[in-house]
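Please read the structure below before turning to the comments.
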Amino acid sequence: METGRMGRAALLAAGLTGLLALTGCGRGGQDPQAAAQAPQVVVSQPVKKNVKEWDEYTGRFAAVEGVEIRARVSGYLTAVSFQDGQIVFKGDPLFVIDPRPYQAVVDMARAGVAQARSSVQLAQRELDRAQDLRRTQAVSQSVLDTRSQQLQNAQAALLSAEAQQRAAELDLEFTTVRAPVTGRVSNRRVSVGNLVSGGTAQSTLLTTIVSLDPIHFYFDTDQASYLRYTRLNSMGERTSSRDGATPVELALPDEQGFTHKGRIDFLDNRIDDGTGTIRTRAVFDNPDMLLTPGLFGRLRLVGRPDYEGLLIPDGAIGTDQNRRFVLVVDPENKVVYRTVTTGPLVDGLRVIRDGLSANDRVITAGLQRVRPGATVTPMEQPVQGAAPAQGAQP
């Protein structure tokens, strides 16, 4: 009898166990063991932002005016009136060539002018006298014509002497070599006491000067960007740099932000057939003389009109040969493969041009544990680092 009670108790326990198992499987229609095996992933919806895309280029500064200082007259150098590397202003004296030979030539020219002027006065008096005598028929007409011609010759000689005097005074002025522009002067190439030659293309190079404020920045734009800018201009969405001053921003090699503001003032007339790029120039104010010719910099300009974009973390994007893709979780918690077209980075997030909608749940963490078609356990989490857009970088 006791053995029978033990048998009934064992059957009752087995029935309860089966009932609990059936109840667990029926809840939600999912096996708890299978649910425990579904990997957990973090999913986030794309962030919507107003995006301003920037195109970035590398270039080099160049002086607006660069001048080679050469002597215009020959002679011995007697003085240097600047310190190597200093800022000089237009009209400042830089070099002095011995002026004494040229002063002597000026004095001779002035004497020649005085002599020619005296000859003019004498010829004028003789002409006046001949005219008076001609009225009384005391002299012939030929004498009067001769006196008139002598006056004209004397006047021409005076003009020639005055021109020689101006040329001599000009050479004397050239003995003081002055700065033709405001800027920074290089080192002296010739020391005091040396004989310098002047007046030709092979004249002695004394130094160089480059202007600094304002300053140019040259960079090369690829032909794909050039075509994009041109088409946007034809559609009225962007002003061409040929028609207006396109604003640009610049950062130096030791700077993180684009703090220097400038504008494009020149676009070349052809695309280089060797590089496939077109030469472009921007101009920047440089009152503190920080920017100098030859210095590299990074320039950016607005590449497209502002638009409402979708952004996701860059780490959520995978690469499949030459394609970019993301993994999306559908309403049934299954992983779906999506090919996307990417854009620039904006505040650490990648712009998605095509392939996603605002309501998609993108896997942003746990990509290594899943594959397309697998069932996952999604954990909703907003995109980290979503801040107001400051500008896109390629």
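The values are calculated or read from the model by the stated rules, or taken from the named source; none is laboratory data. Since we're looking at a predicted model, the values are computed, not measured. Backbone-built Cβ (ideal geometry, glycine too); neighbour counts: all protein chains shown.
Could you say whether any residue in the stretch 242-251 is assigned to a strand (DSSP E or B), among the polar types (S, T, N, Q) and surrounded by 14 or more Cβ atoms within 10 Å (Cβ to Cβ)? First the steps, then the outcome.
Residues of the stretch 242-251 that are assigned to a strand (DSSP E or B), as a first pass: 247-251.
Of the ones still in play, those that are also among the polar types (S, T, N, Q) are none.
No, every residue in the stretch 242-251 fails to be assigned to a strand (DSSP E or B), among the polar types (S, T, N, Q) and surrounded by 14 or more Cβ atoms within 10 Å (Cβ to Cβ).
Count, please, the residues in the stretch 333-356 that happen to be free of Cβ contacts under 8 Å to residues at least 24 places away in the same chain and either of a type in the set (Gly, Ala, Ser) or farther than 30 Å from residue 256 by Cβ (or both).
Matching residues across the stretch 333-356 total 3.
Only one of these is at pLDDT 85 or above, of a type in the set (Val, Ile, Thr), surrounded by 16 or more Cβ atoms within 10 Å (Cβ to Cβ) and in contact with a helix residue (DSSP H, G or I) (Cβ under 9 Å, 6 or more places away or on another chain): 362, 329. Name it.
Numbers: 329 fails: in contact with a helix residue (DSSP H, G or I) (Cβ under 9 Å, 6 or more places away or on another chain).
After applying the criteria, what remains is 362.
Quick grid of which residues meet (1) exposed (fewer than 10 other Cβ atoms within 10 Å of the Cβ); (2) hydroxyl-bearing (Ser, Thr, Tyr); (3) touching a Ser or Thr at 6+ places or on another chain (Cβ under 6 Å); (4) modelled with pLDDT of 85 or more:
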{"position": "36", "(1), (2), (3), (4)": "yes, no, no, no"}
{"position": "48", "(1), (2), (3), (4)": "no, no, no, yes"}
{"position": "65", "(1), (2), (3), (4)": "no, no, yes, yes"}
{"position": "87", "(1), (2), (3), (4)": "no, no, no, yes"}
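Which of the numbered conditions does residue 232 fail, given that it passes all the others? Conditions: (1) outside any loop (DSSP other than H, G, I, E, B); (2) closer than 30 Å to residue 86 by Cα.
(2)
Determine, yes or no, whether residue 135 is basic (Lys, Arg) and surrounded by 13 or more Cβ atoms within 10 Å (Cβ to Cβ). Give the steps one after another, and end with the answer.
Details: basic (Lys, Arg): yes; surrounded by 13 or more Cβ atoms within 10 Å (Cβ to Cβ): no.
Against the criterion (basic (Lys, Arg) and surrounded by 13 or more Cβ atoms within 10 Å (Cβ to Cβ)), residue 135 does not qualify.
Condition test on residue 72, is it modelled with pLDDT of 85 or more and in contact with a strand residue (DSSP E or B) (Cβ under 9 Å, 6 or more places away or on another chain)? Quick ask: steps written out before the conclusion?
Values: modelled with pLDDT of 85 or more: yes; in contact with a strand residue (DSSP E or B) (Cβ under 9 Å, 6 or more places away or on another chain): yes.
When the stated conditions are applied, residue 72 passes them.
Taking the condition of being part of a strand (DSSP E or B) and under 13 Å from the mean Cα position of the chain (by Cα), how many residues in the stretch 252-277 meet it? Give the derivation first.
If we filter the stretch 252-277 for residues that are part of a strand (DSSP E or B), which is where we start, we get 260-267, 277.
Filter once more, keeping what is under 13 Å from the mean Cα position of the chain (by Cα): 260-267.
The number of residues fulfilling the criteria is 8.
Given the structure, is residue 230 hydroxyl-bearing (Ser, Thr, Tyr), touching an Asp or Glu at 6+ places or on another chain (Cβ under 9 Å) and without any contact (Cβ under 8 Å) to a residue 60 or more places away in the chain?
Working: hydroxyl-bearing (Ser, Thr, Tyr): yes; touching an Asp or Glu at 6+ places or on another chain (Cβ under 9 Å): no; without any contact (Cβ under 8 Å) to a residue 60 or more places away in the chain: yes.
Taking the combined requirement at face value, the residue does not satisfy it.
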